[in-house]
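Just so it is clear, none of the values below were taken in a lab; they were calculated from the coordinates. What you see is a predicted model, and the numbers here were worked out from it, not measured in a lab. Glycine also receives a Cβ, built like all others from the backbone with ideal geometry; neighbour counts cover every protein chain displayed.
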Amino acid sequence: MNNPLIFNHNFTKNLPADSETDNHTRQVFEACFSWVTPEPTKKPQLLIASPETAALLDLNEEHCQSAWFTQVFSGNALLDGMKPYAMCYGGHQFGNWAGQLGDGRAIVLGDIINQQGERWSLQLKGAGKTPYSRTADGLAVLRSSVREFLCSEAMFHLGVPTTRALSLCATGDQVWRDMFYDGNPDDEHGAVVCRVAPTFLRFGSFEIFNSRQDIKTLKTLLDFTITTYFPHLIEDNITTETYAKWFTEVCGTTKDMIVHWQRVGFVHGVMNTDNMSILGLTIDYGPYGWLEDYNPDWTPNTTDAQFHRYAYGKQPSIAHWNLMKLAQAIAPLFDDVQPLQIILDDYAVQYKSAWQDMMRQKLGLNQFDEALVEALMNKLEIMETDMTIFFRKLANIEATDTPEACIQTISPAFYVDDWQNKANEVWHGWFEAYLGELQTHAVKHRKEAMNQVNPKYVLRNYLAQLAIDKANEGDLSTLHELFEVLKQPYAEQPKFEEKYAQKRPDWARERAGCSMLSCSS
Ligand code: AMP
Ligand code: MG
């Protein structure tokens with residue numbers, strides 16, 4: 001097979017492997033991974049590939065269209081040098097320690113180092129059972145695979161740190177799923193996504209060893225992690241100080257990621273510690289969603305319907321909580337945990353300042369005005385205002401406009417039909433204040449600057465569902481078109497405005513998949 005991928009076995013060479021090689025569900029001790037082989041599929045078909053992610057691997061269009069590409073990235077064949085494995089990790093799910101989780105349906109095919117010297121790990125999601133599959137089947141359905149593929153790439157183009165998606169293949173197999181856990185299971189099309197990141201290590205990768213008091217493996221893994229992915233932190237050798245620096249960096253990248261989520265209105269939906277990347281990448285696209293009408297208490301995840309633990313407005317504090325769990329996991333490597341506490345406390349300070357700076361930019365101002373921003377969030381909520389459309393339209397306002405004209409400009413963002421009756425009362429005072437700020441504190445080239453942080457195109461929940469509905473019927477046109485449009489989320493693209501930059505239509509308000517999603521995937 002003519003492929004340029006040269007595999008590097010750093011991870012498996014340097015970390016302890018599960019001594020058992022049979023593929024059956026079990027607890028795996030004192031090991032970071034288990035050897036597994038992807039399950040062959042019936043009739044694999046490449047539905048879409050990302051040329052941008054392919055380029056990271058030095059793969060071109062011709063490679064992506066080759067027969068071997070579909071075979072390999074659906075799990076039917078291995079390339080020379082591939083030695084697939086599943087990673088062992090644990091995690092806190094919805095606030096509770098869940099014990100061993102691990103790659104139950106993800107299989108790492110191997111790591112490569114590209115021509116730029118960058119390390120990339122290639123992982124299939126939905127390629128069959130592993131020792132970590134517990135009672136589940138190791139498979140993924142087309143619906144959730146379309147969501148993962150589209151959203152990873154859309155997030156990248158939005159400038160949000162994320163794992164990437166190389167390919168989406170249909171498997172030709174049927175997968176039995178109870179989409180809403182309501183006793184109505186059905187056959188769905190199976191699919192496999194190949195995702196790509198420097199590493200898929202998570203907070204839970206460290207927690208598992210501390211939970212088992214396996215400090216030896218914990219230290220081996222952390223030393224390996226720092227040497228491989230954070231070499232810039234090492235001065236002469238790895239010391240407790242290096243660990244503290246590492247934790248500082250994880251807090252920093254996590255903070256940056258959350259600020260980006262808040263900026264674009266992304267709600268992850270399942271911020272369990274096993275879904276938190278140690279590189280601060282958005283990982284594990286499950287029942288995620290995008291804020292439409294601004295509501296900090298909103299979560300798309302029906303599994304979280306009772307407590308809204310992972311709602312939009314809670315993401316910053318949940319990230320903090322998750323970082324605390326990571327700190328606890330590595331604490332046995334410290335004589336004194338005080339440094340960890342200081343770094344954790346600093347997260348809150350750093351987050352606040354980064355968030356304020358982000359909000360300042362969204363408003364096109366050169367200084368943050370707390371009262372203005374707080375009032376805005378309140379108004380967006382009580383007036384059911386589409387967050388994406390609001391900020392995009394806000395850039396069109398001129399400092400010389402009247403408050404009435406401003407309300408007219410942003411009115412396409414209102415969900416309520418009778419907005420004319422309420423808008424003046426809700427918005428007049430706020431626009432007076434904002435116009436006042438614009439007179440004195442507008443940034444230079446305000447409109448261009450605002451349009452670089454306020455996207456016009458995001459993967460609205462119902463748009464993903466439209467792509468899925470068609471893909472389920474074998475029509476890939478919306479999947480491909482959306483993929484292209486979302487590559488330029490900040491560009492006007494007038495041709496696509498009507499189709500992809502509108503408020504959520506009424507039919508999508510309560511429809512499954514559009515505003516409500518379960519973890520079933
Ligand atoms: P998630 O909620 O997707 O992050 O998954 C939590 C855990 O369940 C991870 O260990 C996954 O690997 C595992 N898991 C989720 N879905 C499946 C599946 N269909 N088969 C096997 N394991 C799964
Ligand atoms: Mg997960």
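Find how much the distance from residue 481 to residue 367 grows on full extension, using 0.36 nm per residue of separation minus their present alpha carbon separation; answer in nm with one decimal. Intermediate results must be reported in sequence, preceding the final value.
Numbers: separation 114, 0.36 × 114 = 41.04 nm, distance 3.85 nm.
Working it through step by step, the gained length comes to 37.2 nm.
Ordering 146, 40, 445 by Cα displacement along the dipole of the chain toward the positive end leaves 40 in first place; charges were set at the Cβ atoms of Lys, Arg (+1) and Asp, Glu (-1).
Rounded, prolate or oblate: which one fits the stretch 329-371, using the alpha carbon gyration tensor with axes a ≥ b ≥ c (rounded when a/c is under 1.5, else prolate when a/b beats b/c, else oblate)?
Values: a/c = 5.95, a/b = 4.09, b/c = 1.45.
Here the stretch 329-371 falls in the prolate category.
Oblate is the label for the stretch 461-508, because a/c, from the alpha-carbon gyration tensor with a ≥ b ≥ c as root eigenvalues, is 1.5 or above and a/b does not exceed b/c.
The relative contact order of the stretch 7-200, computed from alpha carbon pairs under 8 Å that lie at least 6 residues apart in sequence, is 24 percent.
Shown here for the stretch 426-477: trypsin sites (Lys or Arg not before Pro) in loop regions (DSSP other than H, G, I, E, B) with at most 16 other Cβ atoms within 10 Å, namely 444.
Overall shape: oblate for the stretch 143-228, with the ratio a/c of the largest to smallest alpha carbon gyration tensor axis at 1.5 or above and b/c at least equal to a/b.
Phi angles across the stretch 4-19 convert, under the Karplus curve 6.51 cos²θ - 1.76 cosθ + 1.60 with θ = phi - 60°, into 3J(HN,Hα) values of x, 7, 10, 8, 10, 9, 3, 4, 6, 6, 9, 10, x, 9, 4, 6 Hz, Gly and Pro given as x.
When the dipole is taken about the Cα centre of the stretch 231-359, and only Lys, Arg (+1) and Asp, Glu (-1) are charged at their Cβ, what size is it in debye, to the nearest 20? Present the calculation step by step, with values, prior to reporting the outcome.
Working: 7 positive and 16 negative charges, 68 e Å.
Using only the charged Cβ atoms, the result is roughly 320 debye.
In straight Cα distance, which lysines are under 17 Å from residue 444, not counting same-chain residues fewer than 8 positions off? Correct list for residue 444: 362. Rounded to the nearest 20 debye, the dipole magnitude of the stretch 382-442 is 180 debye, with +1 charges on Lys and Arg beta carbons, -1 on Asp and Glu beta carbons, and the Cα centre as origin.
Taking the mean number of other Cβ atoms within 10 Å as a proxy for protection, how do you rank 44-52, 61-69 from highest to lowest? Don't skip to the answer; put the middle values down first.
Details: 44-52: 18.6, 61-69: 14.7.
Going by the mean number of other Cβ atoms within 10 Å, highest first, we get 44-52, 61-69.
Taken along the Cα-to-beta-carbon direction at a fixed 7 Å, the label points for residue 118 and residue 335 span 4.1 nm.
Write out the GluC sites (Glu not before Pro) in the stretch 202-253 meeting two conditions: DSSP loop, and at most 15 other Cβ atoms within 10 Å of their Cβ. Working shown, then result.
Numbers: sites: 207, 235, 241, 249; in loops: 235.
Counting only loop positions with at most 15 other Cβ atoms within 10 Å, the GluC sites (Glu not before Pro) in the stretch 202-253 are 235.
Between 429, 196, 387, the Cα set farthest toward the positive side of the dipole of the chain (charges on each charged residue's Cβ, about the Cα centre) is that of 196. The modelled label-to-label distance between residue 421 and residue 375, using points 7 Å beyond Cα along the C-beta direction, is 2.5 nm. May I ask you to list the residues of the stretch 406-424 whose amide nitrogen lies under 18 Å from a point 7 Å from Cα along the Cα→beta-carbon direction of residue 433? Counting only backbone N, you get 406-407, 423-424. For the chain, the spread of Cα coordinates along the three principal axes comes to 71, 58, 47 Å, biggest extent given first.
Which residue, 415, 359, 311, has the largest displacement toward the positive end of the dipole of the stretch 300-430 when charges sit on each Cβ (Lys, Arg +1; Asp, Glu -1)? The residue sitting farthest along the positive end of the dipole is 311. Ignoring lysines fewer than eight residues from residue 83 along the same chain, the ones with Cα atoms less than 24 angstrom from its Cα are 13, 42, 43, 125, 129. In a fully extended conformation the segment linking residue 492 and residue 506 would gain 2.6 nm over its present Cα-Cα distance, using 0.36 nm per residue.
So what is the calculated 222 nm ellipticity per residue for the chain, using -39500 (n - 2.57) for each DSSP H run with n of 4 or more, over all residues, to the nearest 500 deg cm²/dmol? Only helices count here, giving -13000 deg cm²/dmol.
Note on the chain: with charges restricted to the Cβ of Lys and Arg (+1) and Asp and Glu (-1), its dipole about the Cα centre is near 460 debye.
Could you give the length gained by full extension between residue 317 and residue 182, i.e. 0.36 nm per residue of separation minus their alpha carbon distance, to one decimal place?
Values: separation 135, 0.36 × 135 = 48.60 nm, distance 3.13 nm.
Between residue 317 and residue 182, full extension yields 45.5 nm more.
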